[in-house]
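So the structure is just underneath, and the comments pick up after that.
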Amino acid sequence: KVALITKISFIFLLASLGAYYAVQVSPEKSWIFGFIGYSIPFLLIAQCLLVLYWLLRRSWKIVVPIVALVMGWQHVQSTIQVRTNPEVDGLNVINYNVRIFNVYKHLQKINPQATTEMIGWLSQNNADILCLQEYYNDPGSQLFNAEKKIKAGGFPYSHVAVNQKNRIEAEFGIAIFSKHPIINCGNVSFDVGQENKAIFADII
């Protein structure tokens, strides 16, 4: 049994190191590395259990999982949050693919109220920042005037990247809305068509 746990310890060490490396690889090179990174929280839990096992056995082999934890400490910090200063409030960010607020009729069939519910929820929630993909805004529509409604709900600052407009001048793109001042913003093009881009904002 001890020999088996020893092998498992070294296997998990190698797996952990591989996962730590995977998150450093750009998904442009290979998309599979992005999914490998999702295994890190489970590997961290496994390493903690191995530390406990070798601690109870008082074995030097406890060094193996400890090495894995030390080398992945940044991932420990990003997986488990510890608030050291209770007086400092957290920053709430919502990341939401809004699916063009179901503007097309075939998207409205399942729930005709989805558009109103989505825009209403976004404009009234207690987040600090909204990051919206597949964003849609029609300034001439009472229902789809998303920008006006979200800003009126308490998000006065925004950066919207419009990928294209349709025949009624409605906008398709991605957007950032903020309750705090945006002091700088911009677009990052991936040169793979006009719709493939990222945006950023520096927020106070």
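The values are calculated or read from the model by the stated rules, or taken from the named source; none is laboratory data. Being a predicted model, the structure only gives us computed values, none of them experimental. For neighbour counting, all protein chains shown are included, and Cβ atoms are generated from backbone atoms with ideal geometry for every residue, glycine included. The area values use the complete protein model at the heavy-atom level, side chains included, leaving out ligands, DNA and RNA. Shrake-Rupley method; radii C 1.70, N 1.55, O 1.52, S 1.80 Å.
Backbone amide hydrogens, once placed in the peptide plane, bring N145 within less than 5 Å of D138, excluding anything fewer than 5 places away on its chain.
Here's the picture: charge each Lys and Arg Cβ at +1 and each Asp and Glu Cβ at -1 in the chain, and of Q113, P41, Q124 the one pushed furthest to the positive end of that dipole is P41.
With the convex hull drawn around the C-alpha atoms of the stretch 119-204, the volume per residue stands at 84 Å³. Taken over the Cα atoms of the stretch 125-172, the convex hull encloses 81 Å³ per residue. Helix 2-22 and the longest principal axis of the Cα set of the chain meet at an angle near 30°.
Among 100-108, 44-52, 26-34, the peptide with the highest mean count of other Cβ atoms within 10 Å heads the list, and the full ranking is 44-52, 100-108, 26-34.
Over the residues of the chain, compute the C-alpha Rg and express it relative to 2.2 N^0.38 Å.
Values: Rg = 23.2 Å, N = 204, 2.2 N^0.38 = 16.6 Å.
The value comes to 1.40.
Once both axes come from the Cα atoms, what is the angle between helix 40-57 and the longest principal axis of the chain, in degrees from 0 to 90, rounded to 10? Computed tilt is about 20 degrees. Electrostatic bookkeeping for S158 treats Lys and Arg as +1 and Asp and Glu as -1; over the other residues with beta carbon under 15 Å from its beta carbon, the sum is 0. Here the 3J(HN,Hα) profile of the stretch 134-143, calculated from phi with Karplus coefficients 6.51, -1.76 and 1.60 at θ = phi - 60°, is 6, 6, 9, 9, 10, x, x, 10, 5, 7 Hz, Gly and Pro shown as x. 3J(HN,Hα) couplings calculated from phi for the stretch 170-185 with the Karplus curve 6.51 cos²θ - 1.76 cosθ + 1.60 (θ = phi - 60°) are, in sequence order, 6, 9, 10, x, 9, 8, 10, 10, 9, 7, 10, x, 9, 9, 7, 7 Hz; Gly and Pro show x.
I'd like to check one number: the per residue accessible area of the chain, probe 1.4 Å, reported in Å² as a whole number. Write down the numbers at each step before the final one.
On the way: 13310 Å² over 204 residues.
Accessible surface, normalised per residue, equals 65 Å².
Ligands, DNA and RNA left out, the 1.4 Å accessible surface of the chain is 60% carbon and sulfur atoms.
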